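Scroll down for the structure; my scribbles are underneath it.
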Amino acid sequence: MGNLIKVLGKDLENCPHFFLDFENAQPTAAETQVWNGVNAVLEEAQTVLAELRSYTGAGQEIREAIQNPAEPRLQERAWAAVCPLVAKLKRFYEFSLRLENALRSLLEALTSPPYAPTQHLEREQALAKQFAEILHFTLSFDELKMTNPAIQNDFSYYRRTISRNRINNPQVRGVPRAGESEVNNEMANRMSLFYAEATPMLKTLSNATTKFVSENKTLPIEDTTDCLSTMACVCRVMLETPEYRSRFTNTETLLFCMRVMVGVIILYDHVHPVGAFAKTSKIDMKGCIKVLKDQPSTSTEGLLNALRYTTRHLHDDSTSKQIRALLQ
């Protein structure tokens, strides 16, 4: 059907045999409304990633200010350097809220009756592609955040400076210093919780998916988890089958598939009562981990770490020793 090609000759137990064309899927008329709303968020996502890649921080200015506390000029210089960076961090945080809403609209579209999740993924390929793009962005953002300590350092300095100013100048409490009005105390608290997470965007999506399931009590949880497990299967099949890998015209699509596969595994593990690693899981974890380990380690180590450290059920008693050993 369309760009969704049946995978032939694969004896994969309980696994829908799809090849989803992540490169060329286009929205049908029925998908357009949801697709347009999500597309606006995805376009902004590229700007967010570009800004995060170029985020160098104010480390030097902060060090000089801390080492010379009696030098007002250096204090003002550090403050002037940090404030626009904190404004940028605020935009990243606010974008995470828009990403959460986009994910919700896709989950609603891809799990709504009367179609089963597998039928949705086959019928609404463009929305499935957008769901994949959200996961790709999420893991890309979190990888960049984890390798950039300047983000936490800048924000911590900003909060310490605000607190110190309020303590030292109680008579002007409530009167924001230049830069403080950009991030009030309530916003700063929310941002602090967000950036304290090792993988903040992934945490946002996990919470959003869990909330989606809990709020839609008439929707069986299996409809959501089957959507996730099917996507994981689709990605694994595409990665491990040479004839389908060869269909990709862009080499970046391989990394895209790996990130999406890992992203849906983590979401499944957070939402499903017993998680992704149990024997009853509809995700072939051994196969997925093997696919990642068969790729160059430079492109997969961060994804394997995401499975090791951001899943909920890896260390449950129901997880086999073999799977744990594969992730050692």
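The values are calculated or read from the model by the stated rules, or taken from the named source; none is laboratory data. What you see is a predicted model; the values in this text were computed from it and never measured. Positions of Cβ are generated from backbone atoms using ideal geometry, with glycine treated the same way; all protein chains shown enter the neighbour counts. When the accessible area is computed, the model is the full protein with side chains, heavy atoms only, and any ligands, DNA or RNA have been set aside. Shrake-Rupley method; radii C 1.70, N 1.55, O 1.52, S 1.80 Å.
For the criterion of being touching a helix residue (DSSP H, G or I) at 6+ places or on another chain (Cβ under 7 Å) and among the polar types (S, T, N, Q), Thr249 fails. Where residues in region 4-16 are in a loop (DSSP other than H, G, I, E, B), open to solvent by 60 Å² or more (accessible area, probe 1.4 Å) and on the phi < 0 side of the Ramachandran plot, which of them is modelled with the highest pLDDT? Result: Glu13. Among the residues of region 273-328, those identified as of a type in the set (A, V, I, L, M) and not in a helix (DSSP H, G or I) are Val274, Ala276, Ala278, Ile283, Leu314, Leu327. Show the residue pairs meeting these rules: Cβ distance below 6 Å; 6+ apart or different chains; first residue within region 39-57 and assigned to a helix (DSSP H, G or I); second residue open to solvent by 60 Å² or more (accessible area, probe 1.4 Å). As it stands, the answer is Val41/Arg98, since those pairs meet every condition given. Of all residues in region 259-276, those satisfying the criterion of being open to solvent by less than 10 Å² (accessible area, probe 1.4 Å) and either more than 16 Å from Tyr309 (Cβ to Cβ) or aliphatic (A, V, I, L, M) (or both) are Val260, Met261, Val262, Val264, Ile265, Ile266, Leu267, Tyr268, Ala276. Evaluating Arg159 against the criteria (1) surrounded by fewer than 15 Cβ atoms within 10 Å (Cβ to Cβ); (2) charged (D, E, K, R); (3) modelled with pLDDT of 90 or more leaves one unmet condition, (1).
Residues in region 123-145 that are of a type outside the set (Lys, Arg) and open to solvent by 40 Å² or more (accessible area, probe 1.4 Å): Glu133, His136, Glu143, Leu144.
Being open to solvent by less than 70 Å² (accessible area, probe 1.4 Å) and either assigned to a helix (DSSP H, G or I) or within 30 Å of Ala208 (Cβ to Cβ) (or both) holds for only one residue in Gln60, Gln75, and it is Gln75.
Among the criteria (1) open to solvent by less than 80 Å² (accessible area, probe 1.4 Å); (2) under 18 Å from the mean Cα position of the chain (by Cα), the one Phe248 does not fulfil is (2). The residues on offer are Thr224, Thr300, and the sole one that is surrounded by 22 or more Cβ atoms within 10 Å (Cβ to Cβ), of a type in the set (S, T, N, Q) and either in contact with a Lys or Arg (Cβ under 6 Å, 6 or more places away or on another chain) or in contact (Cβ under 8 Å) with a residue 40 or more places away in the chain (or both) is Thr224.
Taking residues in region 121-140 that are touching a residue at least 60 places away in the same chain (Cβ under 8 Å), and partners anywhere that are crowded, with 24+ Cβ neighbours inside 10 Å and of a type in the set (S, T, N, Q), the pairs with Cβ atoms closer than 8 Å and at least 6 places apart or on different chains are Leu121/Thr230.
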